[in-house]
Each structure stands twice: as C-alpha cells, then as structure tokens.
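Working notes, structure below.
The values are calculated or read from the model by the stated rules, or taken from the named source; none is laboratory data. What you are looking at is a predicted structure, and each value in this text was computed from that prediction instead of being measured. Cβ coordinates were reconstructed from backbone atoms using ideal geometry, including for glycine residues, and neighbour counts include every protein chain displayed. For the accessible areas, the whole protein counts, side chains as well, though only heavy atoms, and no ligand, DNA or RNA atoms are used. Shrake-Rupley method; radii C 1.70, N 1.55, O 1.52, S 1.80 Å.
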Amino acid sequence: MAFPLEEVSAHSRREKNIRHGHISTLHIWWARRPLAACRAFIYASLVDDPETDAERDELLKEVADLASWDAVRNPERVVRPREEGGSGLTGAQLLERARQRILDCNGGKPPRLLDPFAGGGAIPLEALRLGCEVEASDLNPVAVLILKGTVEYPQRYGQPNSRPVPDYIRRAAEQGDGGQTRFTDGDLVAAYRKNPLATDVRYWGNWMLERARKELAEFYPPDPDGSVPVAYLWSRTVPCPNCGAEMPLIRQYWLARKDKKKVAMKPVLDRANKRVDFEVVEGKDVSGNPAEATTSRGDTLCLLCNQAVKAEYVQDVGCRGMLGQTATAVVLEAAGAGGKRYRPATSRDLATYLMAEAKLGTLPDFDGLPAVPDEPVAEDPRNIWCYKYGLSTFGKLFNARQLVALTTFARLVREAHAEMLRAGVETEYAKAVATYLALAVDRLADRGCTLCRWDPSPKMEALQNAFGRQALPMVWDYGEGVPFSEAAGGFATCLEWIPLFLQFEGRFSWSHSADSTLADARVARGSYSVCVTDPPYYDAINYSNLSDFFYVWLKRSVGFLHPDLLSLPLTPKKDQIVMNVYAANGQEQVTSKKEAARQGYVDGMAASFEAMGQSLEPGGVVGIVFAHTDPDAWSTLIGGLLHAGLIPDVSWPIDTELENKVSRLGQARLKTSVWMACRPREGKPQEAFLGDVMEEMKPVIRERLLYFWNKGIRGADFFISAIGPALSVFGRHSRVLRPDGGEVTVREFLNLVRKESTQVALEQVLRGADLGVVDPITRQYVTWVWSYSRAPLEAGETIALCLATGAEYGSIVRPGSIGSETREGSKKLVKLLTVKERMRLDEDLGLDSAARPAPLIDQLHRAAHFWGINRPDELATYRGALGETRWAALRTLGQAVAECLPDGDEDRRLIHGLLGSNVMAISAPAQAGAVARERLPGFEEVSDA
C-alpha cells in the first residue's frame, strides 16, 4: 500500500526533541527507532490496501496523524483538522479506528507480533498500543529488563484503580511522612488510584533518597555560608617525566560561558613546590583563551616546565596504575538564591573526599559480589577507549565517593524491596517496583562516573552523562555530581523520569501486556502474524560491551530478584550478532579476524531471518529496519533475507534524524532508515539471467527513486532507498546468472543498484542540462559531494563509487586529481581535495593535455581558483579558451556542486563567487524539473584513461 512518507518522517524527526513521558527517558538503550515510525510502519503493515482511492487517501491521513506525538500526548484533541489536510480525528479516535481496522483485516483476532531483537522496546510498545499480542525478546539481559519496564509492568500494574491504596501511602498522605509527598502534586491517595505503579516508584525512590541522604551527607557538606554543592570538578593527572610534578589533564578552563556570565578556572603555578592549583575568575578577569588548556587527545603540556608528552605516555602511565587526580573547582547553589556559583577546591573538600575513600574499604558485599565492581571493561577500540588508560574494570570508572554513593543506593534497592514485602506488598509487584528503582540507580551511574563532563555552554551549564554517544570515551577533566542534589546528576532527577514515563503510558487502555523474554533470535518459536524487528547494524554498536556498564550495577541491586537474567559475570558475548573484530579470537591476522567476525554476523543474521520466516503464519509479514552506509553491512542483511526466502513487498526510507545531526562538516551519516515489509517467496523460484532481471529492475528503481526524490530523499539515503525496490525484483529468483553462467553475488547486485541510482541522481542533480560529455571523474566528484559532503571514504567504498560512476580508482587518487589516499589507524581512506590543494599539486589543473582532455570538474576548480586570487583577466582568457558551450556546462556544474557542498566550505565560497562574477555573466541554461525517462547526453560510457 502507499505510505505517508513525508509526514511520518517529519514526526520521527520531531520526536528526537521530545523528553517528557518518552520511552527514551526510562533507561539508555542505543539506536532506538522513533515511536512515530514504529507506529506508522506496524499499522500500515497490518491492514489491507483499500479498494478505492478515496478510502486509501483517508487511511493515509489517519496513519500520518496517528504517527504524531500529539496523538498520544493529547489523545482528546484533534491532531490535524480536515481543512489542514488531516483526518479531523482526535488521538483517541485514531487509535480506536486503527485497532478496529487491524482486527478487521486479521479475521477479528488481535495479530500476534514477534520482535526478536527488541532492545529498547520501541517496536513492541507501539505494537501493544495498536492492539497486538506481543512477544518481545533479546539476548541481552539489560535489554530484557528494560523491556519488562516498557511493555510488561506498565500494562500489568499501571492501570487506574487496579490496586487498593496501601496503608503506607495513606500514612504518607496524612502525615507527610519522610517527605513522601514531595514527588507528587496534589493528593497522594488520588495519585495512587490514578497510577499505582508510578506512585509506588516515586514513594519508594524517595524512601531510598531520604535514607541515602542521612548516610551520605557527611561526604557532601554545605559551605559555611549555607551554599550547597552541586558538583565537584576534577582533573586527572600524570607525573611529568621532566620535572616530576603532577600534570593536570584539562581540555578547557571554562566553567560558565554565557553572554552575561563568564566564569573560568585559571591555573596558579607553585614552582617551588611543583604544584598546580586553580583559582576561579569571572567577567573581565577572564583572560586568554579558556577553551585551550593543557590536553588535546591525550597530548599534554606541563604548565611548570613546558615539557610536552604524547598520548602514548599518558596511556602507559595509566596502565601502570599511576593516573592520579586533583580537585579543581566546586559548583555551588547559594541558599535562597537561584543560579550557580563557583569557587576553587579547598583542603576541606579534599578532607571530605578522603573520608569517603576510607569508607569505601568498609562496604559490605552483595551476596558474594564485591561492593566495587571488579568486572573487566572490554578491550574494544571502536566503542570503548577508557581501558587504554588503565581504566580496565568498571569499578575504576568511578571515584571513591561515587562508589560509596552508588553502592549505598544499590543496597537501598534491596532494603526497599524487603520493606515492601514487610508492608504486605505481593511478591511480583514488589519485584516490578524494585526493578524500576534499579533502573534509576543505573541512570545515576550514567550521571555519576568519571566519564561525565562539566558542560559550560550557554544552554547547559550542567553535568553531562557518560553516554553522550554510543561509546565509553576517555575524559580528562570530569564532573562529580551530588546524589541528593536537585540538579542533573542527583538521584531525584534520575528517578523522576521513570514515573513520568509510567504516568504517560498509564493513560492508555491496554488489553494485555507483552511477554518479554531472554531468547536467541536464531531459534524459531510460536506462530505469528507478523515479525517486526530492528536488527543489529553490522559493526555500528557493540551492545554487549556497552551494556556491561549497567549490568554490573543491576547484578548488585536486583540480581537476587532476576537470577535468570543476572547470573553471568557479564552480558553474553559469544552469541551476540554483531560484526566485532575484537571478539574474533584465535586469529593471527587482522584480515582473518575481520573475515571471521563478518562470517559470524552473516551466519547469525541468516539464521535469525530463517527463524522469523519459520515463525510466520501463512500470509504473514516480516518487517525489517536497517540503516548503514557500508555495502558490506547491506550485503550481509540481503544475503540473510535471500537465504530465508524473504522478499521485500514494499520499502520506505523514513527520515529519522534531526538536520543538525547530519549536516556536520566531514561526516558521512544517514538521515533515513529503510523499513522493508517482506513476505516469504511464493512458489518454486527459478533461475534468471542478469540481462532479463535488469530489464525488469531498472524501471522499478527509476520509478521509486523519482518518487523518493520528490519526497526530499537526498544524498547517501537516496542510494540506500533503492535497495528495497531492486531486491523486490532480484529476490524473486533462486539465482541470477551472468552471461557466462556464473552467479551474481549480493555485492555485485548492490553495485548494479548503485550504478542505476547514480544515473538517476546525476540526472536530477545536474537538472537534465545538456552538458555534452560528462566525464567519469566529474561524475565521481558530483556523486561524492552530493552523497557524503566532504566526508572521507574508505578505499573500498571509493572503489564501489567508481564502479557506479565509471571512473577508475587510479585516476581518482593520482597526484592532482580529486582524491588523495590517507590512513586512519589501520584503515585506508580517500579524502576529497580542495581547490587550493589541487592547484598546489598541479599548476596545470584544468588544462587539456596530449594524453587526455581535462575533466569538467578540473576546469571548474581552475576557474574558481582564478576568481579566488582575484585574476579576472586570466579568468576571462580561460573562458575564451574553453569556448561558450563548455563554459555553459561549467556554469551548470558549478551550480550543482555549490548546492552540494556544506555551509562554510571554502570551495563553496569560491564557486559561489565565480558564479556571481562579471566574467561568469552569461545566460544560464534552462532549469528543468525532475527528469523522468530520457537518457542525458553525456551519460554514455566515457573512458577516463
């Protein structure tokens, strides 16, 4: 059926800014899909295509409106009036109609949906909302606990008036016992009746907080004037190999950087005692450039003797256990006054920290587990960098005071659970509440470790969490929050997001909860109407290694409640389906390690898709979400689908990323994820020859790509969006054969798809203008900047692009050409050269030679160079030498290239200047709209030899 692509994409992008009540605030999980996209995709996959255009148009409006966050945030309001092109229905009406449509299309029974890679729970949550019976499983125990908190406990225990009000709630309401009403606006008893689960999580979370406050207060004393600490700021140190002083490792000195509030640290050098201390300066006293301090990527300067050391020295010192730390400043909140203020760290601050250090040695264990996590941090240089500096166990990611605080809260989860049972709370419900409390402790760990930065930027001026990205980085100067502060980093803030989510979801009527289980996706189970899943993205995220950060604390807080999930030392590694070179042990060569890891991913995905196919009822659908720029990732996914006999019926590239996340200079990132609805291949598939398949595949690719172009799909996403339509043709056959009888591989199939989509893209980018012969190097350049901006590409990806554009790799990277080979670690990369770089390498750039005519892109760059160095006479002479036909082509190319280059790019400035110059003043070629069928002159095969 058709799909409201633009509207769903817009709702998905908008969702990235939504926090209140959103699933992402329950607990960190990486690469969750937007709820809007999940809701719309599942809905569209479960209903039949209407028979009439009018009915189809009405359904599309309803799918689009139901994807809006407004439909679930304010279900009693009309989402989009009819006069604005909407359905005219409220969120509640849209949801009720969706559930009824789905029932009608499924013979009156709720469809059964399986998500075997359920992760953070976005897909199963939206399937439940639409009335499906759901099984959500994952191999990762942290994910399973998140799933229980997302699609099991809220539906089972969070409904209005589903539990009697217990005595402890009534006493708290009457007496304000222990400050228990502080989390709830209004009547505590009424709040419990409205959502007992959310209220109990608040109650028992506050119960924990008040006890922790009494136990920990001595380690976070207020200042003599009554100001209370919000955060303590620290810098790691290493000994200077020259003077022996402890060198602070500090990225920058800023503490607050607002227009009317500028505060920074300033080093105070005591050369006699070989010490570096810090003072706090404000306003006009801030001098120099506080954005530059002592350390950049580990390379460090000693402030006392100017000795410079490399990152390798810092790594060696860290691995020998000699990484130290020094307190630099304290962030305070003044009593009775708003805003933050700052002061230098003092000997009193150090004394209280040393008290916590002494306390650490007296902490009891957790059922045989040491209080301080001694589980190893994985050696994974792709996602985890802190281990290189000696932070080799999870306990080393926290300072002593943070460990005292976290172990206290983990113990209090257990004590709260025991107190619930003494208060008469039934076992399973108490287990659910305690699990949420443990998730809150996890959130506290993310805000309370030595990988947290203090962000002085105008919009923040706050402590940042460790997982700002999908990695455990190395942080030189860190911030330590106060666990009972109301600011970011405090337990109250970490806890409050959880009941907000529970309250939000508690407003919906749920006919049942999901089954959330620990299970291997490669094993078939049950019988399902539909399988929808977001599988691991090849090598993008190592879920197991990252989730160990939370697993070690969950074992200590609720391991006794979930022995089936939390009994292993760390999360499962062997059976995790990711392309992880660093876990492919037993191989001597890097290339063989990579191949072993790749083969493990290929086999795992193939087995998983086969299991999904076997779990389907007749006529069932398998929905797959995937997003990756690497052809190897796509080839493994497609190979798995073909192995399982699953063929895309329809596919939609849904734009899910905010513009500011994908437009950064030099980064090749996808904005879309491809959502494919697949069905088992029917009948007995036959072999076919490539020529026949291409004849059928080309018009399908072209038709869908022109549709996606008109919907605003651009760049790398444009190529990716062609895969689903092409596979719907290619996958019908058991094998596709070349003329010589050899089988076309999946990688060859992807190269063919890229070539066809490149043809369509270039026709659109160059506006269908008659450019004469567009040479392969120019095609390569235009396709590159249109797809990836200025991001460097791996050599293999550059070669794949050459296959699509007809360019030769050697011609691309020869001296003075558009690209240059470089290395990043073990990776061989190719980067695009700028106009300035090219002219420096080849002063004859853009001039024809006896060996070959100059590519059009070279001529454009030469002309832009003349404009940039203000040589209008030479530019006019060059125009005359090229002739008016070639000059017109150059102008059209310049317009296309300038639109593709990012804002702020120097080449973009030069080309824009050239296009606006007097020398360029000629009639512009006619602008054409989207080119539908005709082949442009100049897109015939042209050699670049």
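Structure notes:
- Residues of the stretch 208-239 classified as open to solvent by 20 Å² or more (accessible area, probe 1.4 Å) and either within 34 Å of the chain's Cα centre (by Cα) or more than 20 Å from Ala334 (Cα to Cα) (or both), total: 5
- The set of residues in the stretch 456-474 being under 20 Å from the mean Cα position of the chain (by Cα) and not small (Gly, Ala, Ser) consists of Gln464, Asn465, Phe467, Arg469, Gln470, Leu472, Pro473, Met474.
- Residue check for Arg779: assigned to a loop (DSSP other than H, G, I, E, B), in contact (Cβ under 8 Å) with a residue 12 or more places away in the chain and open to solvent by 10 Å² or more (accessible area, probe 1.4 Å): no
- Of all residues in the stretch 89-107 being surrounded by 15 or more Cβ atoms within 10 Å (Cβ to Cβ) and of a type outside the set (A, V, I, L, M, F, W, C), the one that is farthest from Ala127 (Cα to Cα): Thr90
- Answer residue from the stretch 612-633, given it is among the β-branched types (Val, Ile, Thr), under 18 Å from Pro536 (Cα atoms) and modelled with pLDDT of 90 or more and is farthest from the chain's Cα centre (by Cα) among those: Val622
- Any hit, the stretch 527-542, residues being in a helix (DSSP H, G or I) and either closer than 21 Å to Gly395 by Cα or out of contact with any strand residue (DSSP E or B) (no Cβ under 7 Å at 6 or more places or on another chain) (or both): no
- Number of the exception - Ala466 against (1) farther than 24 Å from Pro221 by Cα; (2) without any contact (Cβ under 8 Å) to a residue 60 or more places away in the chain; (3) buried (at least 19 other Cβ atoms within 10 Å of the Cβ): (2)
- Here Ala804 fulfils each of the conditions (1) surrounded by 15 or more Cβ atoms within 10 Å (Cβ to Cβ); (2) not in a helix (DSSP H, G or I) apart from (2).
A quick yes/no check of all residues on (1) assigned to a loop (DSSP other than H, G, I, E, B); (2) over 18 Å from Gly913 (Cβ atoms); (3) within 45 Å of the chain's Cα centre (by Cα):
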| residue | (1), (2), (3) |
| --- | --- |
| Asp848 | yes, yes, no |
| Ala851 | yes, yes, no |
| Ala854 | yes, yes, yes |
| Ile857 | no, no, yes |
| Arg862 | no, no, yes |
| Trp867 | no, no, yes |
| Asn870 | yes, no, yes |
| Asp873 | no, no, no |
| Ala876 | no, no, no |
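- Scope the stretch 493-511; condition in contact with a Leu (Cβ under 7 Å, 6 or more places away or on another chain) and surrounded by fewer than 19 Cβ atoms within 10 Å (Cβ to Cβ); matching residues: Trp510
- Residue within the stretch 53-64 that is under 29 Å from Phe626 (Cα atoms), among the hydrophobic types (A, V, I, L, M, F, W, C) and in contact with a helix residue (DSSP H, G or I) (Cβ under 6 Å, 6 or more places away or on another chain) present: yes
- Candidate set: the stretch 45-55, residues that are part of a loop (DSSP other than H, G, I, E, B) and among the acidic types (Asp, Glu); chosen: the one nearest to Leu147 (Cα to Cα): Asp48
- Set side by side, the residues Ala430, Ala434 differ, and just one is without any contact (Cβ under 8 Å) to a residue 24 or more places away in the chain, open to solvent by less than 10 Å² (accessible area, probe 1.4 Å) and either among the polar types (S, T, N, Q) or not in a loop (DSSP other than H, G, I, E, B) (or both), which is Ala430.
- Of all residues in the stretch 684-702, those that are open to solvent by 70 Å² or more (accessible area, probe 1.4 Å) and either outside any helix (DSSP H, G or I) or in contact with a Pro (Cβ under 8 Å, 6 or more places away or on another chain) (or both) total 4.
- The number of residues in the stretch 617-655 that are part of a helix (DSSP H, G or I) and of a type in the set (A, V, I, L, M, F, W, C) comes to 6.
- Count of the stretch 727-776 residues, restricted to those that are touching a strand residue (DSSP E or B) at 6+ places or on another chain (Cβ under 6 Å) and touching a residue at least 60 places away in the same chain (Cβ under 8 Å), is 3.
- Screening Ser509, Ser516, Ser485 for residues that are assigned to a loop (DSSP other than H, G, I, E, B), closer than 25 Å to Gln159 by Cβ and either polar (S, T, N, Q) or touching a helix residue (DSSP H, G or I) at 6+ places or on another chain (Cβ under 6 Å) (or both) leaves exactly one candidate, Ser509.
- Within the stretch 809-825, one or more residues are part of a helix (DSSP H, G or I), of a type outside the set (Val, Ile, Thr) and surrounded by fewer than 17 Cβ atoms within 10 Å (Cβ to Cβ).
- Some residue of the stretch 299-311 being under 32 Å from the mean Cα position of the chain (by Cα), closer than 23 Å to Arg453 by Cβ and surrounded by fewer than 16 Cβ atoms within 10 Å (Cβ to Cβ): yes
- Qualifying residue in the stretch 112-122 (condition: assigned to a helix (DSSP H, G or I) and open to solvent by 10 Å² or more (accessible area, probe 1.4 Å)): no
Yes/no per residue for (1) open to solvent by less than 40 Å² (accessible area, probe 1.4 Å); (2) in contact with an Asp or Glu (Cβ under 7 Å, 6 or more places away or on another chain); (3) farther than 29 Å from Pro618 by Cα; (4) in a loop (DSSP other than H, G, I, E, B):
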site	(1), (2), (3), (4)
Glu7	no, no, yes, no
Arg19	no, no, yes, yes
Trp29	yes, no, yes, yes
Arg33	yes, yes, no, yes
Tyr43	yes, no, no, no
Glu62	yes, no, no, no
Asp70	no, no, yes, no
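- Elements of type helices (runs of 4 or more DSSP H) in the stretch 135-184, at least 1 residues being at pLDDT below 95 and open to solvent by less than 20 Å² (accessible area, probe 1.4 Å): 153-157, 167-175
- Val530, sole failed condition from (1) surrounded by fewer than 20 Cβ atoms within 10 Å (Cβ to Cβ); (2) among the β-branched types (Val, Ile, Thr); (3) farther than 28 Å from Arg443 by Cα: (1)
- Scanning the stretch 229-262 for residues that are part of a strand (DSSP E or B) and out of contact with any helix residue (DSSP H, G or I) (no Cβ under 8 Å at 6 or more places or on another chain) yields a count of 17.
- Arg732 falls short on exactly one of the conditions (1) part of a helix (DSSP H, G or I); (2) surrounded by fewer than 19 Cβ atoms within 10 Å (Cβ to Cβ), and that condition is (1).
- Subset of the stretch 889-899 [open to solvent by 10 Å² or more (accessible area, probe 1.4 Å), of a type outside the set (Asp, Glu) and more than 12 Å from Gln859 (Cβ to Cβ)]: Gln895
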